[in-house]
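Novice: For reference, the structure I am asking about is given below.
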Amino acid sequence: MTDWQELDRKYMMHYINRTPLTLVRGEGSRVWDDKGREYLDFVGGWAVDSLGHCHPAVTNALAEQSRTLIQTSGQFYTIPQVRLAELLVNNSCLDKVFICNSGLEANEGAVKLARRYGSLKLNGAYEVITTLNSFHGRSLAMTAATGQAKFQEPYQPVPDGFKNVEYNNIEAIKAATTSQTCAVMLEPIQGEGGVNVPADNYLSTVRAWCDQRGILLILDEIQTGIGRTGTLFAYEQYGIEPDIMALAKGLGSGVPIGAFMAKDSASVFAPGDHGATFGGNPLTCAASYATVKFIIENDIAGNARRVGQYLTDGLKNLQKKYPFITDVRGRGLLLAIGFNSEIAQSVVMTCLEKGLLANRVKPDALRFMPPLIIGNKEVDEALDILDEALSSNAS
Ligand SMILES: Cc1ncc(COP(=O)(O)O)c(C=O)c1O
């Protein structure tokens, strides 16, 4: 039998310590390895597989579009991207869309738009305030936006123009705002930073501050968007509207696509200001349109909210049983449990042995981001495995 992991080590750059598991197939909330073993997937491609693996809405759209038209470039009009843009605009508070290929590209474009706004309307203001423990992607600029030293240090100097301040602290944003500030950029819930949920009034106070200063609010909904937290977009739960919003991950249910959206008032690009060869590619847009349409028409966000609550309740029961669980946090199906020591990796490996894929988001925290189509039955199964894994890690 081919040793794929050995070949991976031989040919791939060693940029990540992979879990020793070679996945070859997926269906719904389950995946199979190269030895035929089945796993329940609570990692979901890092919060990407919104409709689960190989959902027929997505595979049918891909099959049909792949026989029709795959790539044209942005030089020409194409139908799938217009349909996707219309769907996103009609179901959000934003008016215009730019389609790209990944999360970092969406954020990078969002920040370029804010800087363009600053140059046209705010006397050249260019700084963007972001938060500590955030994650916005791995381009050089998004590394500077990401408020985590471990991502910035290997690449010094990172680009100028970002100030990282404490999350969930409006005073920190106020103190960092100057005449050079064009925008504040935030995740409604920090995902990679550990599933950190801010105070209920944080986003509304930031919104009010941005309004007072005439600067833009960019929400990075790359992880929280497309139903993940129980509404189509997380901002809906906070009673505010962003000026610019970045999307990716669940937008294509596994097909690589990103987008940023803006209010008409912030949509200041002129021809030539931005672009992407593959952006708006008919194949990915057809899959994304099918994904988002299915999510809206079948209230998949509502499912994420209900099943997420069921999972939260189950995790809280485990917390009663295992006092080394410090907290259960998150919304919808973006959840985490914290531990009082650094046992997350060990719990992940025990879960793996028992057939559950989970994510170590911090040395002392596990994150759960399963497909949004799961039901209580899968949650019960996951909780049983987690219970066993926790009991064997309790000592
Ligand atoms: C909130 C957020 N923004 C941006 C990104 C970067 O997305 P990508 O990995 O597609 O570049 C991520 C990825 O985890 C993310 O969670």
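Novice: For segment 323-330, state whether one or more residues are within 21 Å of the chain's Cα centre (by Cα) and part of a helix (DSSP H, G or I).
Specialist: Narrowing segment 323-330 to residues within 21 Å of the chain's Cα centre (by Cα): 328-330.
Filter again for part of a helix (DSSP H, G or I), leaving none.
No, that holds for no residue.
Novice: Return the residue satisfying two criteria in turn: it lies in segment 234-250 and is out of contact with any strand residue (DSSP E or B) (no Cβ under 7 Å at 6 or more places or on another chain) and closer than 21 Å to PHE294 by Cβ, and of such residues it is most open to solvent (accessible area, probe 1.4 Å).
Specialist: GLU236
Novice: Pick from ALA144, ALA110: which is within 23 Å of the chain's Cα centre (by Cα), within 16 Å of the ligand (Cβ to nearest atom) and within 21 Å of ASP264 (Cβ to Cβ)?
Specialist: Details: ALA144 fails: within 21 Å of ASP264 (Cβ to Cβ).
Step by step, each of ALA144, ALA110 is checked, and only ALA110 is within 23 Å of the chain's Cα centre (by Cα), within 16 Å of the ligand (Cβ to nearest atom) and within 21 Å of ASP264 (Cβ to Cβ).
Novice: Return the total of residues in segment 356-395 being within 26 Å of GLY227 (Cα to Cα) and assigned to a loop (DSSP other than H, G, I, E, B).
Specialist: Counting residues in segment 356-395 that are within 26 Å of GLY227 (Cα to Cα) and assigned to a loop (DSSP other than H, G, I, E, B) gives 8.
Novice: Further question on the same structure: Quick one: count up the residues across segment 245-275 that are within 13 Å of the ligand (Cβ to nearest atom) and in a loop (DSSP other than H, G, I, E, B).
Specialist: Restricting attention to segment 245-275, the residues satisfying the condition of being within 13 Å of the ligand (Cβ to nearest atom) are 245-252, 254-260.
Right, trim to in a loop (DSSP other than H, G, I, E, B) and you get 248, 254-257.
Of the residues in segment 245-275, 5 are within 13 Å of the ligand (Cβ to nearest atom) and in a loop (DSSP other than H, G, I, E, B).
Novice: Mind listing just one residue for me: the one in segment 184-206 that is within 15 Å of the ligand (Cβ to nearest atom) and among the small types (Gly, Ala, Ser) and, of those, nearest to GLY44 (Cα to Cα)?
Specialist: Ranking the candidates gives GLY191 first.
Novice: Go through segment 167-201 and give me each residue that's charged (D, E, K, R), under 22 Å from ILE244 (Cβ atoms) and within 24 Å of the chain's Cα centre (by Cα). Don't jump to the end; show me each part of the working.
Specialist: The first filter runs over segment 167-201 and keeps only residues charged (D, E, K, R), leaving 171, 174, 187, 192, 200.
Now narrow it down to the ones that are under 22 Å from ILE244 (Cβ atoms): 174, 187, 192.
GLU187, GLU192 - these are the residues of segment 167-201 that are charged (D, E, K, R), under 22 Å from ILE244 (Cβ atoms) and within 24 Å of the chain's Cα centre (by Cα).
Novice: Given segment 147-218, what helices (runs of 4 or more DSSP H) lie entirely inside it while holding 2 or more residues that are farther than 30 Å from ALA358 by Cβ and touching a residue at least 40 places away in the same chain (Cβ under 8 Å)? Outline the logic, then answer.
Specialist: Working: elements: 149-152, 170-176, 202-213.
Because the criterion is at least 2 residues that are farther than 30 Å from ALA358 by Cβ and touching a residue at least 40 places away in the same chain (Cβ under 8 Å), the helices (runs of 4 or more DSSP H) in segment 147-218 that meet it are 170-176.
Novice: Six or more apart or on different chains, Cβ atoms under 7 Å: show the pairs whose first residue is in segment 35-47 and among the β-branched types (Val, Ile, Thr) and whose second is within 16 Å of the ligand (Cβ to nearest atom).
Specialist: What qualifies is VAL43/ASN359; VAL43/MET369.
Novice: Consider only pairs whose beta carbons are under 9 Å apart and that are at least six residues apart or on different chains; among these, list those whose first residue lies in segment 100-119 and is in a loop (DSSP other than H, G, I, E, B) and whose second residue is open to solvent by less than 10 Å² (accessible area, probe 1.4 Å) and among the hydrophobic types (A, V, I, L, M, F, W, C).
Specialist: Here the result reads ASN101/ALA248; ASN101/ILE257; SER102/ALA248; SER102/ILE257, each pair linking segment 100-119 to a residue that is open to solvent by less than 10 Å² (accessible area, probe 1.4 Å) and among the hydrophobic types (A, V, I, L, M, F, W, C).
Novice: When both residues are 6+ apart or on different chains and their Cβ atoms are under 8 Å apart, which pairs have a first residue that lies in segment 58-86 and is in contact (Cβ under 8 Å) with a residue 12 or more places away in the chain and among the polar types (S, T, N, Q), and a second that is loosely packed, with under 14 Cβ neighbours inside 10 Å and not in a helix (DSSP H, G or I)?
Specialist: SER73/THR277; THR78/THR72
Novice: Are any residues in segment 357-384 touching a residue at least 12 places away in the same chain (Cβ under 8 Å) and among the acidic types (Asp, Glu), and if so, which ones? Steps first, please.
Specialist: So the first thing to find is which residues in segment 357-384 are touching a residue at least 12 places away in the same chain (Cβ under 8 Å), and the list is 357-376, 378-383.
Within segment 357-384, ASP364, GLU378, ASP380, GLU381 meet the criteria.
Novice: Look at segment 225-267 and say how many of its residues are basic (Lys, Arg) and either under 24 Å from ALA57 (Cα atoms) or free of Cβ contacts under 8 Å to residues at least 40 places away in the same chain (or both).
Specialist: Residues that pass the stated criteria total 2.
Novice: Also: Please work out which one of (1) open to solvent by 10 Å² or more (accessible area, probe 1.4 Å); (2) farther than 30 Å from GLN71 by Cβ; (3) not aromatic (Phe, Trp, Tyr) is the condition MET185 fails and give its number.
Specialist: Of the numbered conditions (1) open to solvent by 10 Å² or more (accessible area, probe 1.4 Å); (2) farther than 30 Å from GLN71 by Cβ; (3) not aromatic (Phe, Trp, Tyr), the odd one out for MET185 is (1).
Novice: Does any residue in segment 304-316 that is modelled with pLDDT of 95 or more come within less than 6 Å, Cβ to Cβ, of a residue that is open to solvent by 10 Å² or more (accessible area, probe 1.4 Å) and part of a helix (DSSP H, G or I) six or more places away or on a different chain, and which pairs are these?
Specialist: TYR310/ASN376; GLY314/LEU383
Novice: For segment 70-104, give me each residue that is among the hydrophobic types (A, V, I, L, M, F, W, C) and either away from the ligand (no atom under 16 Å from the Cβ) or surrounded by fewer than 17 Cβ atoms within 10 Å (Cβ to Cβ) (or both). Give the steps one after another, and end with the answer.
Specialist: If we filter segment 70-104 for residues that are among the hydrophobic types (A, V, I, L, M, F, W, C), which is where we start, we get 70, 76, 79, 82, 84-85, 87-89, 93-94, 97-100, 104.
Across segment 70-104, the qualifying residues are ILE70, PHE76, ILE79, VAL82, LEU84, ALA85, LEU87, LEU88, VAL89, CYS93, LEU94, VAL97.
Novice: In contact with a Lys or Arg (Cβ under 9 Å, 6 or more places away or on another chain) and either within 14 Å of LEU216 (Cα to Cα) or touching a residue at least 12 places away in the same chain (Cβ under 8 Å) (or both): does that describe ALA144? Give the derivation first.
Specialist: Values: in contact with a Lys or Arg (Cβ under 9 Å, 6 or more places away or on another chain): no; either within 14 Å of LEU216 (Cα to Cα) or touching a residue at least 12 places away in the same chain (Cβ under 8 Å) (or both): yes.
So ALA144 fails the test.
Novice: Right, next: Can you tell me which of (1) crowded, with 18+ Cβ neighbours inside 10 Å; (2) away from the ligand (no atom under 16 Å from the Cβ) is the one PRO159 doesn't meet?
Specialist: (1)
Novice: If you don't mind, another one. Being of a type in the set (A, V, I, L, M) and more than 16 Å from the ligand (Cβ to nearest atom) is the filter; apply it to segment 207-244 and report the residue that is nearest to THR177 (Cα to Cα).
Specialist: ILE215
The values are calculated or read from the model by the stated rules, or taken from the named source; none is laboratory data. Computed from a prediction, not measured in an experiment: that's the story for all the values here. Cβ atoms come from the backbone with ideal geometry, glycine included; neighbour counts cover every protein chain shown. Accessible surface areas use protein heavy atoms only, side chains included; no ligands, DNA or RNA. Shrake-Rupley method; radii C 1.70, N 1.55, O 1.52, S 1.80 Å.
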